[in-house]
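These notes concern the structure reproduced below.
The values are calculated or read from the model by the stated rules, or taken from the named source; none is laboratory data. In this text, all values refer to a predicted model and were calculated from it rather than measured experimentally. Here Cβ is always computed from backbone atoms with ideal geometry, including for glycine, and neighbour counts include all displayed protein chains. For the accessible areas, the whole protein counts, side chains as well, though only heavy atoms, and no ligand, DNA or RNA atoms are used. Shrake-Rupley method; radii C 1.70, N 1.55, O 1.52, S 1.80 Å.
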Amino acid sequence: MTKTNSTDTSPANTESTAPTDAPTPHATITPPFWLLKEGTAPKLGARAEGAIRFHVLADSERQHLFVAITGNPNGGYFSRERVPFEKIEACLDVIPSGKPCPSKAFKETFVGRSSNNAGFLVAVLRNEGLLAAAPDAESQHVRHGDTATWKKAMFAETGTLIAPTVVNGGEKQVESEPVPDYTEHKKTLTIPRKKSP
């Protein structure tokens, strides 16, 4: 066993011999996606103002759809993740025809736990004609429209191919991806300090 001298102050070689563009063992490669639609949907809460931004995406083979909330200009937390439309459809399928359901029926579609996720997703689904306001329950929703027709229309969109990205230790190597796989979006509030007398 060799002992190292703890008082050694010689410089260590910290330069990597790997090419700078090569993914490290800790790199995450995000696959390519098709951006099929960018839209805005009005918020649904009684006191809500403004709209949220969203994307409809497809995988590179255009076999699976995803919905992602991408912005909330008026503030409020939400999860910026691609929600597989299969999960959304599973929630829609358990809603009996004509029966109202609350927004929280869609909370399990997200990995993130923001309390706004389900409500923002419902705003998107209502904007896309897949849900409608329940006639007798102000804050609830009923199934509306046809998911098969909606999916067919989305897949028919030309779209824009978003190149894959490699994330090495938190640094993106390609800045072309509009939505990360999963992160919580948080708005930082600053409170001014009181002036000393």
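Observations, loosely collected:
- Cβ-Cβ distances below 8 Å connect the following pairs, each with a first residue in the stretch 82-104 that is of a type in the set (K, R), a second residue that is open to solvent by less than 60 Å² (accessible area, probe 1.4 Å) and part of a helix (DSSP H, G or I), and a separation of six or more residues or different chains: K87/T109; K104/A118.
- The listed residue being touching a strand residue (DSSP E or B) at 6+ places or on another chain (Cβ under 6 Å), modelled with pLDDT under 90 and surrounded by 19 or more Cβ atoms within 10 Å (Cβ to Cβ), out of V83, V124, V167: V167
- Hits in the stretch 31-78 - residues which are in contact (Cβ under 8 Å) with a residue 24 or more places away in the chain and open to solvent by less than 10 Å² (accessible area, probe 1.4 Å): A41, I52, F54, V56, L57, A58, L65, V67, A68, I69, F78
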